[in-house]
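Contents: one structure, followed by commentary.
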Amino acid sequence: MFFDFKFWHFLTDPQQLSSRLQTSEMRGFNKRVAAVFLFGILLFAFREIWGMGTESITPLLPTMTATDYTIARYASLLGTILWALVYLSFHFFGFAYILSLLTAIPFQKLLPMQLLMTGLLLIEKTLVLSVFMVKGATASVSFLSFGPLAVTFLDSYYLILFLNQLTITTALILTFQYRFIRSYNGITERKGWFWILFGLHIGMALIVASMGLIPFESLFHSLVERGVGHE
């Protein structure tokens, strides 16, 4: 027995997706994977071309030739595309692998769920980009997270970065994953799964916030400026 993988249909019914994966063979999944990855790469590339994340490059323009600056922009775009591949691969393959270790659900059965979760993250980024484009400016925190609230009363940059990772989409993903896992045959019905998933997302937010403290801009300046000729 076969069933078609439908993004929007299963996004609202994780229990049905869990049940179908255990009783039927899935069709059309690889095409959806390719579509999500292609959309994600184009989205990250478009954000970079529009100007998100290029704050460290613009100040270099007066100190470089037009050719050097163009090369720097292309290098930045290439780096963004590579980061998009890492980001998409982790949320799709990496998170599915972690959950397979924790739940004993086969890795292949978790990939459809994680494709939906990866798609949700891309939808969130598209929404944030759309608002920034309408506004004509970007912000260091997402309006869908606790980041803007944290900025108003916290002085710790690390805590602000951490709370900025906790968004409405994070809550949706946590709920979806919990409902999917709880519906899978052979999984013990216990509330502990929710807290395990909650702790996993908190841990990931802490790691991402730590990466935000790495001075990537200074490193980029040092790398690019080495190639600038001085007369």
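The values are calculated or read from the model by the stated rules, or taken from the named source; none is laboratory data. Since the structure is predicted, the reported quantities are computational estimates derived from the model, not experimental observations. Here the Cβ positions follow ideal geometry from the backbone for every residue, glycine too, while neighbour counts run over all protein chains shown. Surface areas here come from the heavy atoms of the whole protein model, side chains and all, with no ligands, DNA or RNA. Shrake-Rupley method; radii C 1.70, N 1.55, O 1.52, S 1.80 Å.
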Would a scan of region 25-34 turn up a residue that is more than 27 Å from Lys135 (Cα to Cα), aliphatic (A, V, I, L, M) and at pLDDT below 80? no
Verdict on Phe132 being modelled with pLDDT under 95 and part of a loop (DSSP other than H, G, I, E, B): no
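Based on this model, can you work out whether Ala150 counts as part of a helix (DSSP H, G or I), among the aliphatic types (A, V, I, L, M) and without any contact (Cβ under 8 Å) to a residue 40 or more places away in the chain? Spell out how you get there, then give the answer.
On the way: part of a helix (DSSP H, G or I): yes; among the aliphatic types (A, V, I, L, M): yes; without any contact (Cβ under 8 Å) to a residue 40 or more places away in the chain: yes.
Spelling it out, Ala150 is indeed part of a helix (DSSP H, G or I), among the aliphatic types (A, V, I, L, M) and without any contact (Cβ under 8 Å) to a residue 40 or more places away in the chain.
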Using the structure shown, decide if Ser130 is polar (S, T, N, Q) and closer than 21 Å to Ile168 by Cβ. yes
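Residues checked against (1) in a loop (DSSP other than H, G, I, E, B); (2) among the β-branched types (Val, Ile, Thr); (3) free of Cβ contacts under 8 Å to residues at least 40 places away in the same chain:
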| site | (1), (2), (3) |
| --- | --- |
| Phe3 | no, no, yes |
| Leu17 | no, no, no |
| Arg20 | no, no, yes |
| Ala35 | no, no, yes |
| Gly40 | no, no, no |
| Phe46 | no, no, no |
| Ile49 | no, yes, yes |
Of (1) within 20 Å of Lys6 (Cα to Cα); (2) of a type outside the set (Gly, Ala, Ser); (3) not in a helix (DSSP H, G or I), Leu172 satisfies every one except (3)
Can Thr188 be described as at pLDDT below 85, open to solvent by 40 Å² or more (accessible area, probe 1.4 Å) and within 15 Å of Leu99 (Cα to Cα)? yes
Total residues in region 1-55, condition polar (S, T, N, Q), more than 18 Å from Ile123 (Cα to Cα) and open to solvent by 20 Å² or more (accessible area, probe 1.4 Å): 6
Residues of region 139-164 being more than 17 Å from Met211 (Cβ to Cβ) and more than 18 Å from the chain's Cα centre (by Cα), in sequence order, are Pro148, Leu149, Ala150, Val151, Thr152, Phe153, Leu154, Asp155
